[in-house]
Every structure is written in C-alpha cells, then in structure tokens.
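Report on one structure; see the data block that follows.
The values are calculated or read from the model by the stated rules, or taken from the named source; none is laboratory data. Everything numeric in this text was worked out from a predicted model, so none of it was measured. Counting neighbours? That spans all protein chains shown, and the Cβs are built from the backbone with ideal geometry, glycine included.
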Amino acid sequence: MILSLPLNFIIMGPGGFLLLIITAGLGMYAHYRISSAYNKYSKIKTKSGITGREAAGYILKKAGIYDVEVVSVNGHLSDFYDPINKQLALSQENFSGNSLAAVGVAAHETGHAIQHKVGYKALQMRMTLIPITNISSKVLPFVIMTGFILGKMGGIFIDIGIICYAILTFFHLVTLPVEFDASRRARIELMDLGIIDNMESVGVVKTLNAAGFTYVASFVSSLLNLIYLIMLRRD
Ligand SMILES: [Zn+2]
C-alpha cells in the first residue's frame, strides 16, 4: 500500500481501513507461517544427504526433462521456475543445502517444470494471464487513489479498479491449483526417488503447505478488495 494508514482511514473510510487491517493481518500470518516452517525444516538434514540441486536434477531426469537448467540465485526463498528461459532458479540455501526444506522447495519448483512439460492447463492459463496481471497491478494504486480523491466524480476510476482487481483475483485463483499440484508432485517424486522417507515427508509437506498458504492469502486479499470496491460502487 502506498498510502499511510491514517490517510487511508480519511480517504477510504472505516470499511476500507478495516479491510486494510484484515489483509495486512492475513499477509503477516502467511509470512509467519512460512518463516517458522522454513526455519524449522531448513535445520533438519535429509537422511539421504541429497541437496536441493541434486534433487531437482534427479527429478528432471526421471521426468525426461533435459533442457531445463538448474541455477542458483541470490535471496531468501527467491526460488522460481522460469518457463520462458527454461531455468529452475534456487536460492543459495536451497541449491546447496541438504535440508528437508531445501529438497522440498527444489522439488516443488521442479514440479512446475513437469507441469510445463506435460502442458498442465492451469499453468498454461497462468502464463497467459501474466502480462495483463502485471499491467493491472501497476495501474491499480493510481486508479484507486484517484477514484477516492475525486469521490463521486471518480467513479470511472473505481470501475477500472474493479476490473483490475477482478483480473488479479482470477490470476490468484488460477495460481492455487498450479501451486498445490506442484507441491503434490514434489512429495511424490521425492518419495519415489528415495530422496526422503515417509517420516521426512511430514516436514516437507509442512514446509510446502506453509508456502502454499501465502498464495491462499493473496487470493483472499484480492477477493476482499474486489468485493469492497463493488460494494462501494453500489453505495
Ligand atoms: Zn510454486
């Protein structure tokens, strides 16, 4: 949010302020969940001793994927799969680490590479939505702020805001099956390849579920904002 809290209260009213508190609280809770799960399971080593990079390599090979490069990137939990450049980027600690969290995250990102290879529909839809979603999230703060400042005269800006939030909400909705499917694949592949055993899979699943919750939080926040704007427009 580019507005400070008191300014939000003045411009958006109590409803908007409450919404801000709820979405901020949800975001903080999601952050707390992933931080504590990652903190815990990044300290527990896999019995196999296999690193995130090795796990990704084994899973890619098993899936018959030979054109995806596994690279290490800076940052904490900055891991991602880039379908355009066919790169599987792992943060340093997951790339070279051999913890339950490291192999879990690495396998999850590899899950996206597998989705890409098999033409998983939700991933394809998500990729198609990325450009329009980027535009929406860029223009959103400006149209919303202008709409609130102009009041009734700024109705058109609120309308544009609603369209932007509808696009964002749909994007976050499509992201959910993509993320949960990647985590499901991660667990299966890690078990199949003997990288983790049954007991270790509990830690992996807990880490991935906590990560998955951040996507649920994003979806709920976006949906609440959308509902709020629609209600505001009807007033
Ligand atoms: Zn993911």
The lone exception for LEU77 - which of (1) of a type in the set (A, V, I, L, M, F, W, C); (2) closer than 19 Å to HIS116 by Cβ; (3) modelled with pLDDT under 95 it fails
(2)
Looking at segment 87-99, is at least one residue farther than 23 Å from ILE196 by Cα and touching a strand residue (DSSP E or B) at 6+ places or on another chain (Cβ under 6 Å)?
yes
Has segment 171-189 got any residue that is assigned to a helix (DSSP H, G or I) and away from the ligand (no atom under 16 Å from the Cβ)?
no
Does THR128 qualify as being within 15 Å of LEU229 (Cβ to Cβ) and among the polar types (S, T, N, Q)?
no
Of the residues in segment 155-165 that are at pLDDT 90 or above and among the hydrophobic types (A, V, I, L, M, F, W, C), the one that is surrounded by the most Cβ atoms within 10 Å (Cβ to Cβ) is CYS164
Could you grab me the full set of residues in segment 190-204 that are in contact (Cβ under 8 Å) with a residue 60 or more places away in the chain and either not hydrophobic (A, V, I, L, M, F, W, C) or not in a loop (DSSP other than H, G, I, E, B) (or both)?
LEU190, ASP192, GLY194, ASP197, GLU200, GLY203, VAL204
Which of (1) within 15 Å of the ligand (Cβ to nearest atom); (2) assigned to a helix (DSSP H, G or I); (3) under 16 Å from the mean Cα position of the chain (by Cα) is the odd one out, the single condition THR133 does not satisfy?
(1)
For LYS138, which of the numbered conditions (1) among the basic types (Lys, Arg); (2) within 16 Å of the ligand (Cβ to nearest atom); (3) without any contact (Cβ under 8 Å) to a residue 12 or more places away in the chain fails to hold?
(2)
Of those in segment 81-101 that are of a type in the set (A, V, I, L, M) and either within 12 Å of the ligand (Cβ to nearest atom) or modelled with pLDDT of 95 or more (or both), the residue surrounded by the fewest Cβ atoms within 10 Å (Cβ to Cβ) is ALA89
Considering only segment 44-130, give the strands (runs of 3 or more DSSP E) lying wholly within it that have at least 2 residues that are over 21 Å from VAL205 (Cα atoms).
69-73
If we scan segment 142-154, do we find a residue that is part of a helix (DSSP H, G or I), at pLDDT below 95 and within 24 Å of HIS31 (Cβ to Cβ)?
yes
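Condition check ((1) surrounded by 18 or more Cβ atoms within 10 Å (Cβ to Cβ); (2) more than 14 Å from the ligand (Cβ to nearest atom)) across all residues:
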{"position": "LYS43", "(1), (2)": "no, yes"}
{"position": "GLY75", "(1), (2)": "no, yes"}
{"position": "ASP79", "(1), (2)": "yes, no"}
{"position": "VAL103", "(1), (2)": "yes, yes"}
{"position": "THR110", "(1), (2)": "yes, no"}
{"position": "GLN115", "(1), (2)": "yes, no"}
{"position": "ARG126", "(1), (2)": "yes, no"}
Quick one: TYR215 ticks every box in (1) buried (at least 21 other Cβ atoms within 10 Å of the Cβ); (2) within 16 Å of the ligand (Cβ to nearest atom) bar one, so which box is it?
(1)
